[in-house]
1. From the list 81, 67, which residue is out of contact with any Leu (no Cβ under 9 Å at 6 or more places or on another chain) and modelled with pLDDT of 95 or more?
2. Please tell me if residue 34 is in the same structural domain as residue 105 (by the TED database) and either of a type in the set (A, V, I, L, M, F, W, C) or open to solvent by 60 Å² or more (accessible area, probe 1.4 Å) (or both).
3. Could you look through segment 116-154, keep only residues that are part of a helix (DSSP H, G or I) and closer than 19 Å to residue 197 by Cα, and pick out the one that is most open to solvent (accessible area, probe 1.4 Å)?
4. Could you please tell me which pairs satisfy a Cβ distance under 9 Å, a separation of 6+ or placement on different chains, a first residue in segment 34-60 that is over 19 Å from residue 16 (Cα atoms), and a second residue that is in a helix (DSSP H, G or I) and among the basic types (Lys, Arg)?
5. Do you know which residues across segment 156-181 are in a helix (DSSP H, G or I) and among the hydrophobic types (A, V, I, L, M, F, W, C)?
6. Residues in segment 96-115 that are among the aromatic types (Phe, Trp, Tyr) and open to solvent by less than 70 Å² (accessible area, probe 1.4 Å): how many?
7. Go through 80, 89 for me and flag whichever is within 23 Å of residue 119 (Cβ to Cβ), open to solvent by 10 Å² or more (accessible area, probe 1.4 Å), over 17 Å from the mean Cα position of the chain (by Cα) and in contact (Cβ under 8 Å) with a residue 24 or more places away in the chain.
8. Right, residue 225: surrounded by fewer than 17 Cβ atoms within 10 Å (Cβ to Cβ), at pLDDT below 90 and at negative phi or not?
Amino acid sequence: MRILVVEDDVNLNRQLTDTLKEAGYVVDQAFDGEEGHYLGEGEPYDAVILDIGLPEMDGVTVLEKWRGAGKTMPVLILTARDRWSDKVAGIDAGADDYVTKPFHVEEVLARIRALIRRAAGHASSEIVCGPVRLDTKGSKALVNGVALKLTSHEFRLLSYLMHHMGQVVSRTELVEHMYDQDFDRDSNTIEVFVGRLRKKIGNDLIETVRGLGYRMQAPGLVNKDAKT
């Protein structure tokens, strides 16, 4: 899952970024509204953390421009405790949730998890596909109750596929959501990670859909256009 953090306070931005990375997310950073707007408009993010009081372009304007351009990614806004009007303006502009400063980063992390789950149609913090259980709160995966040993890239791949169960996901989409903006992306590595995951969770859970990409779903639901 790929997150954009738009916050002009360097220390807070770093703190949020470090916490998100430790939880397994890929994170891009922006420190003013113009940079944030540019990244959010051109890159596919699973969620955005957006400060309201930004230099160059305020957060509400950034959000209005995104929504006006048809960008639907979940957005969590950060507001000052005594500025209730910012909360109203942010929600009216299209924000999905808000957190007031000062806050505990764990609260932000929990809200981001919830926003991403809801955007993918999942209500619970645990997502299940056959014998595989993804614990989004604990950032871990289990097969038949036994914890899997996954690399960071394997976990990101599994997480994205399970959040989008039943949907065909292209290699390009996986690359865009597994790596940050500055990473040297290569879609051929996705096939390698898929192969590794199949060895750990079973070959029948991740399908290769001819010419399109991959789809994860429980056994017994295999489509005619797929091959393992």
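The values are calculated or read from the model by the stated rules, or taken from the named source; none is laboratory data. Remember, it's a predicted structure, so these values are computed and weren't measured experimentally. Because the Cβ atoms are built from the backbone with ideal geometry, glycine has one as well, and the counts that use them run over all protein chains shown. Ligands, DNA and RNA are stripped out before the accessible areas are found, and what is left, the full protein with its side chains, is counted by its heavy atoms. Shrake-Rupley method; radii C 1.70, N 1.55, O 1.52, S 1.80 Å.
1. So the residue among 81, 67 that is out of contact with any Leu (no Cβ under 9 Å at 6 or more places or on another chain) and modelled with pLDDT of 95 or more is 67.
2. The answer is yes for residue 34.
3. Residue satisfying both the conditions and the ranking: 152.
4. What qualifies is 41/65; 57/65.
5. 157, 158, 161, 162, 174, 175, 178
6. 1
7. 89
8. Yes, satisfied.
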